[in-house]
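The values are calculated or read from the model by the stated rules, or taken from the named source; none is laboratory data. What you see is a predicted model; the values in this text were computed from it and never measured. Here the Cβ positions follow ideal geometry from the backbone for every residue, glycine too, while neighbour counts run over all protein chains shown.
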Ligand code: ATP
């Protein structure tokens, strides 16, 4: 059947950049973070969020991402409740998407927290995009116009790269763009011959 290839990396590593590159080679790419955001507005999910968090996190009848983020920020218990609502729906949606691409040799699932969420266990192979921490910080500060402290805060919820390397099948070292693309192309070829 269709193989599921996870694509992940810490904030600013360049996983979106690499996902776009794989997509340009014709690989179907599922962007888990984007899909998860849409899932928040499904009627069944809206009802569950209201039940768990109340009107407080709503604006104009729909869950408000900023308000929800404020509530779960630095609150692991509430974050777990929110994830418990969202994650099963995300999983279901993803599996339907895979079915739609069942003529493909493989598809890619891009997710920032593939390891942290445990969903790497549902992948046949995992590709990790890495870059030195200082470089990742600089990239995100530029891209999002945020401070170093804000980037470090976001990184605090993610595993260290050393821990991810051990669990990965392929690694893309994304310092130089062209070199990284070459590494990605090699992986693409190997996956096609899998
Ligand atoms: P996040 O987890 O925050 O979404 P990401 O891992 O998806 O980050 P990208 O958005 O792909 O990372 O890359 C972060 C920023 O760094 C982007 O602005 C991107 O254009 C830039 N970038 C990516 N790769 C390189 C590179 N090799 N050289 C210079 N800039 C790069």
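Evaluation of residue 178 against the conditions (1) within 17 Å of residue 108 (Cβ to Cβ); (2) more than 17 Å from the chain's Cα centre (by Cα) shows that the sole unmet condition is (1). Within the stretch 139-148, the set of residues being at negative phi and without any contact (Cβ under 8 Å) to a residue 24 or more places away in the chain comprises 141, 142, 144, 146, 147, 148.
Filtered by the rule that a residue be touching a strand residue (DSSP E or B) at 6+ places or on another chain (Cβ under 6 Å) and either without any contact (Cβ under 8 Å) to a residue 40 or more places away in the chain or surrounded by fewer than 19 Cβ atoms within 10 Å (Cβ to Cβ) (or both), the stretch 3-21 gives a lone residue, 3. Quick one: would you say residue 74 is free of Cβ contacts under 8 Å to residues at least 40 places away in the same chain, away from the ligand (no atom under 16 Å from the Cβ) and surrounded by 12 or more Cβ atoms within 10 Å (Cβ to Cβ)? When the stated conditions are applied, residue 74 does not pass them. Just name the residue that is farthest from the ligand (Cβ to nearest atom) out of those in the stretch 112-142 that are within 12 Å of residue 15 (Cα to Cα) and assigned to a loop (DSSP other than H, G, I, E, B). Residue satisfying both the conditions and the ranking: 114. Within the stretch 6-55, being within 8 Å of the ligand (Cβ to nearest atom), within 16 Å of residue 107 (Cα to Cα) and in contact with a helix residue (DSSP H, G or I) (Cβ under 7 Å, 6 or more places away or on another chain) holds for one residue alone: 18.
Residue by residue, here is whether (1) surrounded by fewer than 18 Cβ atoms within 10 Å (Cβ to Cβ); (2) within 30 Å of residue 186 (Cβ to Cβ); (3) at pLDDT 95 or above; (4) touching a strand residue (DSSP E or B) at 6+ places or on another chain (Cβ under 9 Å) holds:
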| residue | (1), (2), (3), (4) |
| --- | --- |
| 23 | yes, yes, yes, yes |
| 28 | yes, yes, yes, yes |
| 33 | yes, yes, no, yes |
| 37 | yes, no, no, no |
| 40 | no, no, no, yes |
| 101 | yes, yes, yes, yes |
